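Before any comments, here is the structure.
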Amino acid sequence: MEIYLDANATTPVLAQARAAALAVMDQDFGNPSSIHSTGLKARALMDAVRARARRVLGLNTGELLFLSGATEGIQTAVLSALGALRERRASSEGATADIRWLLYGATEHKAVPEALRHWNRLLGLDLEVKAIPVGEDGRHDLDWLRAHAAQAGMICTMAANNETGVISDLEGIAAVIADIGAPSDRTAHRPFWMVDGVQALGKLPLQLEARGIDYAPFSGHKLYAPKGIGLLYVRAGAPFTPLLAGGGQESALRSGTENMSGIAALGAVLAALEEGRDFRDGATLLAYRDRLTLALREAFPDLRFNAPPALCLPTTLNFSVPGLSSKLLLDLFDAADVRVSGGSACSAAKAQPSYVLEAMGLPASQTASAVRLSFGPAADDAFIREACARIRACGEALRENCLSPTGNQPLPADGVTRFVVDGACCWLIADAASRRCVVIDPLPELNDRLSQWLRCQGYALAAVLDTHSHGDHASSAATLRAAVPELLTPGEVDGLGWPLADGRHERLTALVLGDRRLTRLPIPGHTEDSTAYLLHESQGLTTAFVGDMVMPGALGRSDFDQSAPLAYRDSLRQLAEVVGPHCVLAPAHDYDNRFASTLSAESALQPLLAHALRGTLDAQAFAAAKAGLERHLALTEYQTMACGARVDSRRFEVDTEVDIAALRDLLERHPQARLIDVREPYEQRLSLLPDLPERGAGHRLQATPLSRLVDALPEWLSLPADQPLVFFCRSGNRSAQAALALRRLGHEAAFTLAGGLALWPKESALDSALYV
Ligand code: PLP
């Protein structure tokens, strides 16, 4: 069962609302403008729903229009108010010369400032559109408002915020506006006031008339009605300009044949609300929220709520978990079939922090890990019980993966894991048998996460290595070592962290981690001290950690003071001699999510590398050609210094997608095809798919988290190139990265499941087909 905790985004449709909509489509399909019986019936239904809505909103006066939703309501309100301001300005009525700005709360839904800017521009008003600051508690700064309100043409303040649930002090705002002038006193240019009531409908009394609110838009789909139906309240006497002109419906205030099935459905919801059916009272909702809060605190002991619960809707919780990103938490919840929303909208390159939380002054670390959990007032006890159980299971999955600050019960880690921060990569090599590990190229941003991981696993930290003295950041090796002194192997190390033999100033030849061995290979070029670390496993050399010497699509730059440009070519040739063309190269930077490279793949894409390896350029000519490439290096998309000139940064435009039907076909034709779940272990643990790791060898399903992709690469690249590898994840994004990485490295039969598990048919016959 899906636990849908994203009610502030939209709600399911209440059963009786669905039935009412169907009845309208099925039998009572009349046009309320028709004067025959079928039309009259439709009009009667519409009038009855409007009357009910007026009762629910406590309205005796003013207009209540049906329209498509809040965004349309907002446009209509803003157009009406700004149109009136323009007319007054033209007729010089009242003191309009003093009007300077259009004000909106800094945490308002984007529809509001965008509508203000749009109509301000179209109507040529040329007023300044200004955000009313909010305090740490998310509420409007009333002192600021008091200082600015008299010169405002319009003030827009939402009743409750969709991200945090913070309830505005409408009483306080009403008092500020009342101080400027009475609604009837037009000469005092009282600003028009819009209150976005979307998140308040059915949860808060708004007292629209008593407070002198001019406009209030609502959306049906936030309260169990379908999408496409909304309401707009317009105060009696408030100016009005129709957004849609035409057949004169809605008393010519909003033309266009009414959405009767939507109106009928909204009517059924309002009936349930009015009659106290299906909807819980405030005290019950608060008790539900308390239970969810308790479960969240158990799952994430150091979580922080991003708004004071006492000021919030009882149905919304916005929280952050230190050290865990919104994306990670979202994936985790989704794997447990719990739908929540990130406090931030994610762009492809970098998560955009929530402007709502930023406006409240929350630190970046907190906005980056924000999650919104919201339920609707029709939630019941069984739903909340199941939600709490799933939340607790999420906490358990984190503890098994060392992602909780306390109470971790780790599954022993083994192999190579990648951590990435803004294109910079850090590598962890763990050996479960010997309980030893090595960190390569630690990053300051990962210090807390890595030290927590190390303490949780309790593995001896054999070394913290850098592949070179980094130009774009100071090494955080010393900080990491200092964070876990109890796990550190004592002894002297060289400048890059490689251990020196006891009492001597000679380096150890190899670091031993059980059956794994790490050796070093100096490759001066990017810097004088550049070093590759070679990982030898029972099957031989598997991976070379080459720093910035060879990155996917680029060679490391060699124009730093500490670079050795004339040594670069020979170091590349030396590397090729030792590791060969097909060894997996793990880089220190990977701006395009290619994960790893091989000399063979890179030579095909980087002509300069091909020349170096073929020996068609001498060291001097190579250095000169390379300097040419590096002359005007721009910052990366992460606004960090580029560590090399990218010659292959284009998007790798190949279609790797297969849908479910194509997958079934592929599995039939290729019995040896593999299906690879690239979600992280904490997600796989919660998944409703058959338990992947426990199915044993010989099965088609394989669990290889994206962070462990490089660990699996040596084996996958040794498979026949036509053996299909089909990657899947939650949405198809991560699996697409994996498939593209494999294709780029020469494994042509790499695919991604289009749409991911989100589109996977439940109870599909495919599940049984997945096992040989
Ligand atoms: N205002 C608020 C507070 C909202 O939460 C939303 C929807 O997310 C809107 C306005 C816009 O509503 P709709 O997209 O239904 O037009």
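Taking the number of Cβ atoms within 10 Å of each Cβ as an exposure proxy, the fewest-first ranking of His536, His611 is His536, His611. For the chain, DSSP calls about 60 percent of its internal beta bridges antiparallel. From least to most packed, judged by other beta carbons within 10 angstrom and beginning with the fewest, His589, His148 follow the order His148, His589. Specify which residue in the list Gly395, Gly282, Ala610 is farthest towards the positive end of the charge dipole of the chain, using unit charges on the beta carbon of Lys, Arg (+1) and Asp, Glu (-1), about the Cα centre. After comparing all options, I get Gly282. Compared with the dominant principal axis of the Cα atoms in the chain, helix 170-180 is inclined by about 60°.
Backbone amide hydrogens, once placed in the peptide plane, bring Leu313 within less than 5 Å of Val166, Ile167, excluding anything fewer than 5 places away on its chain. A simple charge model with +1 on the Cβ of Lys and Arg, -1 on the Cβ of Asp and Glu and nothing else charged puts the dipole of the stretch 37-274 at about 680 debye relative to its Cα centre. Placing dummy labels 7 Å off each Cα toward the beta-carbon, the span from Asp665 to Ala478 is 6.1 nm. Restricting the calculation to Cα atoms, every distinct pair contributes to the Kirkwood radius of the stretch 425-516, found to be 13.4 Å. Put simply, the amide H of Leu488, placed in the peptide plane, has neighbours under 5 Å in Leu461, leaving out anything fewer than 5 places away on its chain. The C-alpha radius of gyration of the stretch 415-629, expressed as a fraction of 2.2 N^0.38 Å, stands at 1.00. For the chain, the relative contact order is 10 percent, taking Cα pairs closer than 8 Å that sit 6 or more residues apart in sequence and dividing their mean separation by the residue count. The length gained by stretching the chain between Thr61 and Asn733 to full extension, at 0.36 nm per residue less their Cα-Cα distance, is 236.8 nm. In percent, rounded to a whole number, the relative contact order of the stretch 1-58 is 17, using alpha-carbon pairs under 8 Å and six or more apart. Applying 0.36 nm per residue to the separation of Leu286 and Leu411 and subtracting their alpha-carbon distance, the gain on full extension is 41.3 nm.
Whole Å is fine, so just give me how far the alpha carbon centre of the stretch 567-606 lies from that of the stretch 26-45. Centre-to-centre (Cα) distance: 73 Å.
Rounded to the nearest 500, the helix-only mean residue ellipticity at 222 nm of the chain stands at -10000 deg cm²/dmol, with each DSSP H run of n ≥ 4 adding -39,500 (n - 2.57).
For the chain, the average shadow cast by the Cα convex hull is 38.4 nm², which is a quarter of the hull's surface.
Between Lys327 and Arg385, the modelled label-to-label distance comes to 3.8 nm, taking each label 7 Å out from Cα in the direction of the beta carbon. Here the stretch 304-440 is assigned +1 on the Cβ of each Lys and Arg and -1 on the Cβ of each Asp and Glu. Its dipole about the Cα centre then comes out at about 260 debye. Taken as Cα centroids, the stretch 101-139 and the stretch 412-437 sit 48 Å apart, rounded to the nearest whole angstrom. Listing Val484, Val416 from fewest to most neighbouring C-beta atoms within 10 Å gives Val484, Val416.
Rounded to the nearest 10 degrees, the angle from helix 326-335 to the longest Cα principal axis of the chain is 90 degrees. Once the chain from Ser255 to Leu605 is taken as fully extended at 0.36 nm per residue, the excess over their C-alpha distance is 120.0 nm. Rounded to 0.05, the FRET efficiency of the Leu22 and Lys227 pair, given R0 = 22 Å and the Cβ-Cβ distance, is 0.90.
Take every Cα pair under 8 Å in the stretch 282-400 that's 6+ residues apart, average their separations, divide by the length, and report that relative contact order as a whole percent.
34
Considering only the Cα atoms of the stretch 574-662, their convex hull presents on average a projected area of 8.0 nm². Distance between the pseudo-spin-label points of Ala310 and Ala364 (7 Å out from Cα toward the beta carbon): 3.3 nm. For the stretch 305-456, taking the reciprocal of the average inverse distance between every pair of different Cα atoms yields a Kirkwood hydrodynamic radius of 17.3 Å. A Förster distance of 22 Å, applied to the separation of the beta-carbon atoms of Asp561 and Thr640, puts the FRET efficiency at 0.70.
By the equivalent-ellipsoid construction on the alpha carbon gyration tensor, the stretch 221-316 comes out with semi-axes of 39, 17, 13 Å, ordered largest to smallest. What translational diffusion coefficient, in µm²/s and rounded to a whole number, does the Stokes-Einstein relation yield for the stretch 37-274 at 4 °C and a viscosity of 1.567 mPa s, taking the hydrodynamic radius as the Kirkwood radius over Cα pairs? This corresponds to a translational diffusion coefficient of 72 µm²/s. Comparing Phe375, Asn318, Ala307 along the charge dipole axis of the stretch 282-400, the residue lying farthest to the positive side is Ala307, per the Cβ-charge model.
Say R0 is 41 Å: what FRET efficiency, to the nearest 0.05, do Ala619 and Glu657 get from their beta-carbon distance? So the FRET efficiency works out to roughly 0.40.
Computed from the coordinates by the stated procedures, all read-outs in this text should not be read as laboratory data. Quick caveat: nothing in here was measured; it's all calculated off a predicted structure. In this analysis, Cβ positions are derived from the backbone assuming ideal geometry, glycine residues included, and neighbour counts consider all displayed protein chains.
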